[in-house]
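*Asks:* For reference, the structure I am asking about is given below.
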Amino acid sequence: MTGHIFGRSTRGVLPVAASGDGCYLIDSDGKRYLDGSGGAAVSCLGHSDPDVRAALHAQIDRLAFAHTGFFTSEPAESLADQLVTHAPAGIERVYLVSGGSEAVEAAIKLARQYFIETGQPERQRIIARRQSYHGNTLGALAAGGNEWRRAQFAPLLFETSHIAPCYEYRDRHVGESREAYGLRVADELEAEILRLGPETVMAFIAEPVVGATSGAVPAVPGYLKRIREICDRYGVLLILDEVMCGMGRTGHLFACAEDGIAPDMITIAKGLGAGYQPIGALLTSRQIYTAIAEGSGFFQHGHTYMGHPMAAAAARAVLDAILGRGLLARVLEQGAKLDAALRAELGQHPHIGDIRGRGLFRGIELVADRETKAPFDPARKLHAEVKKRAFEAGLVCYPMGGTIDGHRGDHVLLAPPFIIEDAQIDELVGKLATAIRGTLGA
């Protein structure tokens with residue numbers, strides 16, 4: 001199809017998505033594609049959920065839009081209540097936006113305003129991790145540490161400190177326990193806070209399970225608890241970015257539940273709307289909300305479509321489905337099956353270095369040499385070839401390059417719908433293995 005769309009790329013012609021059927025997308029020629037990555041970890045309920053569609057039909061018959069400068073709405077209030085009921089301890093307020101980048105922007109600005117309102121205006125620095133990704137708007141991009149995404153926009157970005165990621169496959173020393181490794185890299189946060197001056201640092205931001213840039217890399221046991229302790233010690237806010245890994249993707253509604261911690265803020269999106277509407281949210285603690293409420297009484301931020309009734313109605317129906325249909329348990333069950341199938345099919349492949357993840361959030365790292373973990377030459381664009389072959393075979397997956405440092409390394413990210421059946425897991429793994437073997441041999 002040709003036309004006037006300014007797409008993600010100006011090269012090539014994309015098929016037209018015409019309809020959805022459960023875990024499948026169907027193009028205008030009738031070809032079916034198994035959605036093995038939920039787009040970008042979005043479509044957690046598949047593409048034809050009757051309850052979410054019914055909720056949207058009902059809502060548009062009542063109310064499509066009311067600006068939040070004048071009104072609240074029942075769907076927004078209900079969604080916020082539902083989220084807070086299941087949120088980590090201390091999280092009591094929900095700021096609804098339209099996507100993940102907006103949620104992270106709101107978190108950064110709220111962190112800054114919180115410290116102004118509490119008499120600490122010198123706190124303005126953010127610490128994040130190398131190879132992190134927190135969104136594509138300028139503030140979120142500045143917080144992130146993915147050099148490939150940052151490079152051409154660097155002159156426009158505020159200065160951010162980046163410490164080591166928690167990347168066990170690459171960085172844990174021989175003979176070092178997982179716990180000792182986690183504490184070692186977490187302690188880099190304290191070192192950076194002390195280097196900058198604790199009185200200048202306002203927040204640390206991280207994904208509990210790193211998504212797009214590294215391919216479903218989970219924190220090791222104890223890492224986030226030490227991070228929480230360090231933030232508390234120096235009065236630094238802890239922001240957890242669960243835009244990709246949250247809303248049930250790892251088998252917990254909030255991914256940080258598995259790590260046993262509660263942050264000061266959480267950003268969510270993607271699976272919150274499951275693709276049926278664009279929506280995101282910033283969840284924040286009572287302490288932060290109270291500082292604003294008892295201070296200026298006004299968060300100096302906002303977007304026209306925040307708290308949109310249609311988006312909130314869709315998200316509420318999505319949460320009802322996740323929680324009411326036992327889908328969190330299903331994610332753990334099907335995630336274990338997916339992991340086992342990947343290991344059985346690809347675990348001994350000479351160019352598969354690591355298979356990792358939690359729940360239905362899985363990553364496969366491709367390497368030139370399993371023993372040394374040496375990556376392929378980036379010029380090969382291996383990830384792009386795997387993506388192309390998989391798509392031709394009728395599988396949507398999410399390969400990316402620059403896994404290690406934004407330049408070197410290749411991985412494939414998988415995030416299928418929570419409703420995926422056993423036979424579809426076999427189809428996913430079979431088509432992915434064919435694509436990998438077609439690209440690399442063996």
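*Asks:* Please identify every one of the GluC sites (Glu not before Pro) in region 287-377 that sits in a loop by DSSP and has no more than 15 other beta carbons within 10 Å of its own beta carbon.
*Replies:* Values: sites: GLU294, GLU333, GLU345, GLU365, GLU371; in loops: GLU294, GLU371.
For GluC sites (Glu not before Pro) across region 287-377 that sit outside H, G, I, E and B with at most 15 neighbouring Cβ atoms in 10 Å, the list reads GLU294, GLU371.
*Asks:* May I pose another question? Read phi for every residue in region 326-334 and hand back ³J(HN,Hα) as whole Hz from Karplus 6.51 cos²θ - 1.76 cosθ + 1.60, θ = phi - 60°, with x for Gly and Pro.
*Replies:* x, 6, 5, 5, 5, 4, 5, 5, 6
*Asks:* Have a look at the DSSP beta bridges in the chain and tell me what percent are antiparallel, nearest 5. Write out the running numbers ahead of the final one.
*Replies:* Details: 35 of 50 bridges.
If we restrict to bridges inside the chain, about 70 percent are antiparallel.
*Asks:* If you count only protein heavy atoms with a 1.4 Å probe, what accessible area per residue comes out for region 1-50, rounded to a whole Å²?
*Replies:* Details: 3180 Å² over 50 residues.
For region 1-50, the solvent-accessible area averages 64 Å² per residue.
*Asks:* At q = 0.14 Å⁻¹, what is the base-10 log of I(q)/I(0) for region 324-414 according to the Debye formula with one equal point scatterer per Cα and no solvent? Please give it to two decimals.
*Replies:* Calculated log10 I(q)/I(0) at the listed q: -0.54.
*Asks:* Something else about it: Relative contact order of region 107-249, please, whole-number percent, based on alpha carbon pairs below 8 angstrom and at least 6 residues apart. List each step's numbers first, then the result.
*Replies:* Working: 218 pairs, mean separation 37.7, N = 143.
Normalised by residue count, the contact order of region 107-249 is 26 percent.
*Asks:* How long are the semi-axes of the equivalent ellipsoid of region 96-141, defined as square roots of 5 times the Cα gyration tensor eigenvalues? Whole Å, largest first.
*Replies:* 21, 14, 6
*Asks:* Taking just the alpha carbons, could you work out the radius of gyration and Dmax for region 238-296, both in angstroms?
*Replies:* According to the Cα coordinates of region 238-296, Rg and Dmax are 12.9, 39 Å.
*Asks:* Residue farthest toward the positive end of the dipole of the chain, with Cβ of Lys/Arg at +1 and Asp/Glu at -1: which of TYR223, ALA143, ILE322?
*Replies:* So the residue furthest toward the plus end is ALA143.
*Asks:* Strictly over 19 Å apart at the Cα level, which of LYS109/LYS225; LYS337/LYS431; LYS270/LYS388; LYS388/LYS431 would you flag in this model?
*Replies:* On the way: LYS109/LYS225 25 Å; LYS337/LYS431 16 Å; LYS270/LYS388 24 Å; LYS388/LYS431 12 Å.
Check vs 19 Å cut-off fails for LYS109/LYS225; LYS270/LYS388.
*Asks:* Using the Kirkwood radius over C-alpha pairs as Rh, can you work out the diffusion coefficient of region 268-313 via Stokes-Einstein at 25 °C, viscosity 0.890 mPa s, in µm² per second?
*Replies:* Values: Rh = 12.3 Å.
Once the numbers are plugged in, D ends up at 199 µm²/s.
*Asks:* So what is the orientation-averaged projected area of the chain, using the convex hull of its C-alpha atoms, in nm²?
*Replies:* Numbers: hull surface 85.2 nm².
So the mean shadow area of the Cα hull is 21.3 nm².
*Asks:* What does the convex hull of the Cα atoms come to per residue for region 72-185, in Å³? Kindly include the intermediate steps, with their values, before the conclusion.
*Replies:* On the way: hull volume 19.0 nm³, N = 114.
Per-residue hull volume (Cα only) is 166 Å³.
*Asks:* Among ALA40, THR10, ALA55, which residue has its Cα furthest toward the positive end of the charge dipole of region 10-57, with +1 on Lys/Arg Cβ and -1 on Asp/Glu Cβ?
*Replies:* Checked the options; the winner is THR10.
*Asks:* So if I restrict to the alpha-carbon atoms in region 191-316, what is the Rg, and what is Dmax, the biggest pairwise distance, in Å?
*Replies:* 16.0, 46
*Asks:* At 1.4 Å probe size, with the rest of the protein present, what percent of the exposed accessible area of the chain is carbon and sulfur atoms? Present the calculation step by step, with values, prior to reporting the outcome.
*Replies:* Values: 9920 of 18780 Å².
In the chain, the share of accessible area belonging to carbon and sulfur is 53 percent.
*Asks:* Once phi is turned into ³J(HN,Hα) by the Karplus curve 6.51 cos²θ - 1.76 cosθ + 1.60 with θ = phi - 60°, what whole-Hz value does each residue of region 151-161 show in order, with x for glycine and proline?
*Replies:* Values, residue by residue: 3, 6, 9, 3, x, 9, 9, 6, 6, 10, 8 Hz.
*Asks:* Kirkwood Rh, Cα Rg: Rg to Rh for region 125-205? Mind showing how you got there, number by number?
*Replies:* Values: Rg = 13.9 Å, Rh = 13.6 Å.
Rg/Rh for region 125-205 comes to 1.02.
*Asks:* List, largest first, the extents of the alpha carbons of region 284-442 along their principal axes, each in whole Å.
*Replies:* Result, largest extent first: 63, 37, 27 Å.
*Asks:* If you don't mind, another one. Using modelled amide H (1.01 Å from N, peptide plane; none on Pro or chain starts), what sits under 5 Å from the amide H of GLN131, excluding residues fewer than 5 places away?
*Replies:* Under 5 Å from the amide H of GLN131 lie the amide H atoms of GLY145, ASN146, GLU147, each far enough along the sequence or on another chain.
*Asks:* Which whole-Hz couplings ³J(HN,Hα) result when phi for each residue of region 70-82 is put into the Karplus expression 6.51 cos²θ - 1.76 cosθ + 1.60, θ = phi - 60°, listed in order with x for Gly and Pro?
*Replies:* For region 70-82, the Karplus-derived couplings read 10, 9, 9, 9, 4, x, 5, 5, 5, 4, 4, 4, 5 Hz, x marking Gly and Pro.
*Asks:* Additional query: Would you calculate the convex hull of the Cα atoms in region 1-94 and tell me its volume per residue in Å³?
*Replies:* Numbers: hull volume 18.6 nm³, N = 94.
That works out to 198 Å³ per residue.
*Asks:* Which of rounded, prolate or oblate describes region 39-124 when judged by the alpha-carbon gyration tensor and an a/c cut-off of 1.5? Let's see the in-between values first.
*Replies:* Values: a/c = 2.28, a/b = 1.80, b/c = 1.27.
Taking the square roots of the gyration eigenvalues as a ≥ b ≥ c, region 39-124 is prolate.
*Asks:* Oh, and also: Keeping every protein chain present and rolling a 1.4 Å probe, give me the accessible area per residue for region 259-341 in Å². Don't jump to the answer; show the numbers that get you there.
*Replies:* Details: 3070 Å² over 83 residues.
Result: 37 Å² per residue.
*Asks:* Here's something else I'd like to know. Given a cut-off of under 8 Å on Cα pairs at least six residues apart, what relative contact order in percent is computed for region 31-137? Each step should come with its number before you reach the end.
*Replies:* Values: 29 pairs, mean separation 17.7, N = 107.
Computed over region 31-137, the figure is 17 percent.
*Asks:* For a quick check: with amide H placed at 1.01 Å from N, whose amide H comes under 5 Å from GLY280's, ignoring anything fewer than 5 positions away on the same chain?
*Replies:* Residues meeting the amide H criterion: VAL97, SER98, GLY99.
*Asks:* In addition: Could you list which residues have their amide H under 5 Å from that of LEU366, counting only those 5 or more apart in sequence or on another chain, with H placed in the peptide plane?
*Replies:* Those lying under 5 Å, H to H, from LEU366 are GLY353, ASP410, HIS411, VAL412.
*Asks:* Per DSSP H run of n ≥ 4, the term is -39500 (n - 2.57); total these for the chain, divide by its residue number, and report the mean residue ellipticity at 222 nm rounded to 500 deg cm²/dmol. Don't skip to the end; give the middle numbers.
*Replies:* Working: 14 runs with 167 residues, N = 442.
It lands at -11500 deg cm²/dmol.
*Asks:* Relative contact order (percent) for the chain, with alpha-carbon contacts under 8 angstrom and 6 or more residues of separation? It would help to have the intermediate numbers written out before the result.
*Replies:* On the way: 916 pairs, mean separation 97.9, N = 442.
Once normalised by length, the contact order is 22 percent.
The values are calculated or read from the model by the stated rules, or taken from the named source; none is laboratory data. Predicted model only: the values in this text are computed from it and were never measured. Methodologically, a virtual Cβ is constructed for each residue, glycine included, from the backbone with ideal geometry; neighbour enumeration extends over all protein chains shown. Side chains included, ligands, DNA and RNA excluded: accessible areas come from the protein's heavy atoms. Shrake-Rupley method; radii C 1.70, N 1.55, O 1.52, S 1.80 Å.
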